[in-house]
Amino acid sequence: MNSNYDILIVGGGAAGFFTAINIAENNPKLKIALLERGKSVLEKVRISGGGRCNVTHACFIPNDLVKFYPRGEKELRGPFHQFCSGDTIEWFERHGVTLKIEEDGRMFPTSDSSQTIIDCFLNAIKSLKIDVLTSQSVQSLFKGTNYWKVETNSETFSCQKLVMTTGSNPKIWELLQGLNHTIIPPVPSLFTFNIKDPRIKDLMGVSTFTKVKVKGSKLEAAGPLLITHWGMSGPGILKLSAWGARELAAKNYQFVIEVNWLNESDFKETLDLLKDLKQEHAKKTVTKKSPFDFPNRLWESLALAANITPETKWADLSKKQLTDLANQLTNGQFQVNGKSTFKEEFVTAGGIDLKEINFKTMESKIHPNLFFAGEIVNIDAITGGFNFQNAWTTGYIAAQEIIK
């Protein structure tokens, strides 16, 4: 059976739906189909942001927004001037979905449910009469003189314009490689660090703002660090993992991190402060109360690592203990031994080489009438709604070009 369409979109996720809706709203006469290999669509949208769907981020200046993308910073500058987070908010409002801003800038539907976003997309698709075909796993792509042929496990489709929005799907990357596109090999981009260390052994759930560096490299990040039962997580660590995706993969996820639990204060300032505390609190027990803005349990643990026993008084601290404590506070070294990825927040660095895409149109520079949107290309961002914003922006731009 051969089905003919004007436009075929392969991949029933955020980018695919957004592209399809934006094409059909501007040209309702076009015959459009969305092909999805799974039994259901929008699965990543459903589970993202803990089921609340972190739609975008309240960063409204394109030149600031691009800084959240370890890969794609340069390429997204132009696209963000065409469709930025403010446009995303407006688009969803126009489609009956209001968004709210949380303290950290992340934006969610006011309903706090990803189902709101899914319903918005499904209703639009239905009223625009776009065909959504599930369980269609693409087996081959063929470029004719002025058409594309797509063979799935059960059907053959042909179309004038083909949009690929399949995210990190290795099989599709392989097919595109067969069409002379270059694929940058994928590596995980958002992951947490596996660390076994007595200093954090019983501190599960402790969170504090830190600065973290990878020893012997230029990689560093600041942000909240969360101690977990397998090691360290939280925005600060995830940021470091995104910026260091390639470098840390090359190290086979074996490296040392330097944690400054005080974020801004350096060793010398901290040592001076500890000397003042020694005078000021001479008669008090050191571990009794944390003099810093982080939980007591962590303070006790770091004091212990500096060989300060629970009953030691401030007055009794030796020069060496003070030095060791200042070191633990501003430059604690932790051996990382492997990584853990969140299945649902899984993001990869890698995909179609950015040099082979025209970012004014999201069209392939190698094949006319072949377009890309979303995570299939070598673009990824830190956590916070930025990966979705890339999907909306690139989908919108592809749609604008197609309706021309």
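Key figures
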| item | result |
| --- | --- |
| Helices (runs of 4 or more DSSP H) enclosed by the range 24-127 - at least 3 residues per element that are small (Gly, Ala, Ser) | 43-51, 114-127 |
| Enumeration of residues in the range 265-317 that are open to solvent by less than 50 Å² (accessible area, probe 1.4 Å), among the hydroxyl-bearing types (Ser, Thr, Tyr) and not in a helix (DSSP H, G or I) | Ser265, Thr285, Ser290, Thr312 |
| Any hit, the range 188-200, residues being at pLDDT 95 or above, closer than 30 Å to Ile366 by Cβ and not aliphatic (A, V, I, L, M) | no |
| Sole residue being without any contact (Cβ under 8 Å) to a residue 24 or more places away in the chain and closer than 19 Å to Asn331 by Cβ, chosen from Asn296, Asn307 | Asn307 |
| Residues satisfying the stated conditions in the range 16-51, i.e. open to solvent by 10 Å² or more (accessible area, probe 1.4 Å), hydrophobic (A, V, I, L, M, F, W, C) and in contact with a Phe, Trp or Tyr (Cβ under 8 Å, 6 or more places away or on another chain) | Val41 |
| Counted residues, the range 231-264 - those being modelled with pLDDT under 95, open to solvent by 40 Å² or more (accessible area, probe 1.4 Å) and outside any helix (DSSP H, G or I) | 1 |
| Sole residue being open to solvent by 10 Å² or more (accessible area, probe 1.4 Å), in contact with a Leu (Cβ under 7 Å, 6 or more places away or on another chain) and at positive phi, chosen from Asn378, Asn369 | Asn369 |
| Pairs with Cβ under 6 Å, 6+ apart, first in the range 35-60 and among the small types (Gly, Ala, Ser), second surrounded by fewer than 22 Cβ atoms within 10 Å (Cβ to Cβ) and in a strand (DSSP E or B) | Ala58/Ile101 |
| Hits in the range 61-73 - residues which are of a type in the set (Lys, Arg) and in contact (Cβ under 8 Å) with a residue 60 or more places away in the chain | Arg71 |
| Close pairs from the range 346-371: first touching a residue at least 12 places away in the same chain (Cβ under 8 Å) and among the aromatic types (Phe, Trp, Tyr), partner assigned to a loop (DSSP other than H, G, I, E, B) and surrounded by 17 or more Cβ atoms within 10 Å (Cβ to Cβ), Cβ under 9 Å, at least 6 apart | Phe346/Ser168; Phe346/Ser189; Phe346/Leu190; Phe371/Thr165; Phe371/Met362 |
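Residue-by-condition table, conditions (1) open to solvent by less than 60 Å² (accessible area, probe 1.4 Å); (2) under 27 Å from Phe386 (Cα atoms); (3) among the charged types (D, E, K, R); (4) free of Cβ contacts under 8 Å to residues at least 24 places away in the same chain:
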residue	(1), (2), (3), (4)
Gly86	yes, yes, no, no
Phe92	yes, yes, no, no
Thr110	no, yes, no, yes
Cys120	yes, yes, no, no
Lys126	no, no, yes, yes
Ser140	yes, no, no, no
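Each row is one residue, and each column tells you yes or no for (1) of a type in the set (Asp, Glu); (2) without any contact (Cβ under 8 Å) to a residue 12 or more places away in the chain; (3) in contact with a strand residue (DSSP E or B) (Cβ under 6 Å, 6 or more places away or on another chain).
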site: Gly167; (1), (2), (3): no, no, no
site: Gly178; (1), (2), (3): no, no, no
site: Pro186; (1), (2), (3): no, no, yes
site: Glu220; (1), (2), (3): yes, no, yes
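The values are calculated or read from the model by the stated rules, or taken from the named source; none is laboratory data. Predicted model only: the values in this text are computed from it and were never measured. A quick note on method: Cβ atoms are made from the backbone with ideal geometry, for glycine too, and the neighbour counts reach across all protein chains shown. With ligands, DNA and RNA removed, areas are computed over all heavy atoms of the protein, side chains included. Shrake-Rupley method; radii C 1.70, N 1.55, O 1.52, S 1.80 Å.
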